[in-house]
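Quick notes on the structure that follows.
The values are calculated or read from the model by the stated rules, or taken from the named source; none is laboratory data. Remember, predicted model here, so these are calculated numbers, not experimental data. Don't worry about glycine lacking a Cβ; one is built from the backbone with ideal geometry, like all the others, and counts go over all protein chains shown. Ligands, DNA and RNA are stripped out before the accessible areas are found, and what is left, the full protein with its side chains, is counted by its heavy atoms. Shrake-Rupley method; radii C 1.70, N 1.55, O 1.52, S 1.80 Å.
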Amino acid sequence: MSGLLSVFFHLLFLFKLVAPVTFRHHRYDDLVRTLYKVHNECPYITRVYSIGRSVKGRHLYVLEFSDYPGIHEPLEPEVKYVGNMHGNEVLGRELLLQLAEFLCEEFRNGNQRIVRLVEGTRVHIMPSMNPDGYEVAAAQGADISGYLVGRNNANGVDLNRNFPDLNTYVYYNEKHGGPNHHLPLPDNWKSQVEPETEAVIHWIRSFNFVLSANLHGGAVVANYPYDKSLEHRVRGVRRTANTPTPDDKLFQKLAKVYSYAHGWMHQGWNCGDYFPDGITNGASWYSLSKGMQDFNYLHTNCFEITLELSCDKFPRQEELQREWLGNREALIQFLEQVHQGIKGMVLDENYNNLAEAVISVSGINHDVTSGDHGDYFRLLLPGTYTVTATAPGFDPETVTVTVGPGEPKLVNFHLKRSIPQATPTRRVPSPGHGRRILPKKVQPRVS
């Protein structure tokens, strides 16, 4: 009898593993099962990996989609979605699980749009950055009396106020000169951040991400950087002011792509707020220091926006299907935005890859760098640009390129090693050369 029960429970577990994603909330164990279910259904285009653990030891899982999972293919851009950074803002978590199921199913069905996306893009999906906070919020349920219950991690820290503050440095550098990209971290940064934040920082430094979105709740708007106002505090009061990045027009376009592909975000009136076109500069809404989207832009090559997706932070289960239908096209279109601008290889004279070469665009005070494989990606709007590649020990190369509205323009750079300039040797005059030698004055001998 015990053997029959064992078989029964084993079959029950397998049924759970292969059951389709339904429109319901997923606790941590359900989330893990769902990720592995998708992987089992699409093993050749997916990979499940963990970037670290939460305060309470829960894995921070990522599901990757690629035609070569686990491998970076040169000239294939990397893009990511991060959900549930605030544990009580749960819609993003459920949308990303649904998106994972959708990508797998549509790829298997031969949907050419999804096939092109997976074969030409490496997509990383993290449904929950704050699994500990989610469990606290989920224990309370959708009918919440405490609006902020579960928002923070298990140490009570808001993870979207926990990244190193690099805005202060870039605002100073804009006035006085200094780096405009890949700003260094403070020496003691690890002691200032939570385990979840540290794991994400290591993650985004390990992959050459090009584009990203961070999914939140509590409003319906696509929010783009900067999040921190140029004058964050004036006499102790937070100052709200539009604070654009050097890529402001590009960020507005990325935000509008999501907003107008969304079922109702672009209408502007949502949750008692009005945002024209359904988008906003973060700092013009409210100033936020140590946020993740600004950190991505200032420390890596990644352009990240924040998507506020629902008025209710923890929507009822019966609302999930409507929300999925309202967000599905927008989630796909945003991923496709990584294929614009220019991309290429940076090589030396012997066709060796040059990593960390700097790609500068005249008139845009924000550079990007080539990755470990020598490939770079620079998101740009249609137009004509002067682009320069530089690397230590090599002569810079500058080209003029016209970018169209379609696929990115391939622009390769071949850098030549700098020839050291011979320094003129200085002739050292011999003693006495050019001047008279006077006889030494004889000193009287004292006896």
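A few points about this structure:
- The simple Förster model, with R0 at 41 Å and r as the Cβ-Cβ distance, assigns Thr384 and Tyr172 a FRET efficiency of 0.85.
- Estimated from helices alone, the mean residue ellipticity of the chain at 222 nm is -9500 deg cm²/dmol (sum of -39500 (n - 2.57) over DSSP H runs with n ≥ 4, per residue).
- Among Asn153, Ile364, Val221 the positive-end extreme of the charge dipole of the chain (Cβ point charges): Ile364
- Accessible area of Lys256 (1.4 Å probe, protein heavy atoms only, ligands and nucleic acids ignored): about 80 Å².
- Percentage relative contact order, the stretch 186-321, counting C-alpha pairs under 8 Å, at least six apart: 39 percent
- ³J(HN,Hα) computed for each position of the stretch 291-297 - Karplus, 6.51 cos²θ - 1.76 cosθ + 1.60, integer Hz, glycine/proline x: x, 6, 5, 5, 4, 4, 5
- The Cβ shell under 11 Å around Asn350 holds other residues with a net charge of 0, Lys and Arg each +1, Asp and Glu each -1.
- Each Lys and Arg contributes +1 and each Asp and Glu -1, all at the Cβ; summed about the Cα centre of the stretch 30-142, the dipole is approximately 220 debye.
- Per the Kirkwood formula applied to alpha carbons, the stretch 201-316 shows a radius of gyration over Rh ratio, Rg over Rh, of 0.98.
- Counting only alpha carbon atoms, the long axis of helix 248-261 and the longest principal axis of the chain meet at about 10°.
- For the stretch 92-140 versus the stretch 352-422, the inter-centroid distance based on Cα atoms is 33 Å.
- Summed over all non-identical Cα pairs, the Kirkwood treatment of the stretch 342-417 gives a radius of 12.3 Å.
- Those Cys residues of the chain for which no other cysteine Cβ falls under 4.7 Å: Cys302
- Length available on full extension from Asp273 to His373: 0.36 nm per residue minus the Cα-Cα distance, which gives 31.5 nm.
- Pairwise alpha-carbon distances in the stretch 96-235 exceed 21 Å for 61% of all pairs.
- Quotient of C-alpha Rg and 2.2 N^0.38 Å, computed over the stretch 293-342: 1.49
- Structure note, pairs Lys56/Lys190; Lys228/Lys416; Lys253/Lys290; Lys249/Lys416; Lys80/Lys253; Lys80/Lys416: Cα-Cα distances above 30 angstrom occur for Lys228/Lys416; Lys249/Lys416; Lys80/Lys416.
- Contact order normalised by residue count of the chain, Cα under 8 Å, 6+ apart, percent: 15 percent
- Extension gain from His202 to Gln317, taking 0.36 nm per residue of separation minus the Cα-Cα distance: 38.0 nm
- By accessible area, using a 1.4 Å probe on protein heavy atoms only, the stretch 289-343 has 37% of its surface on carbon and sulfur.
- Partner lysines for Lys37 [C-alpha distance under 16 Å; skip if fewer than 8 residues away on the same chain]: Lys16
- Unit Cα scatterers, Debye sum, the stretch 47-132: log10 I(q)/I(0) for q = 0.18, 0.26 Å⁻¹: -0.79, -1.26
- Most mobile of Gly87, Gly393, Gly282 in a GNM of the chain (Cα contacts under 10 Å): Gly393
- Rounded to the nearest whole angstrom, the semi-axes of the ellipsoid equivalent to the stretch 242-390, taken from the Cα gyration tensor as √(5λ), stand at 34, 17, 14, largest first.
- Over the chain, the reciprocal of the mean inverse Cα-Cα separation, the Kirkwood hydrodynamic radius, stands at 24.1 Å.
- All Cα pairs of the stretch 152-244, percent lying beyond 21 Å: 46 percent
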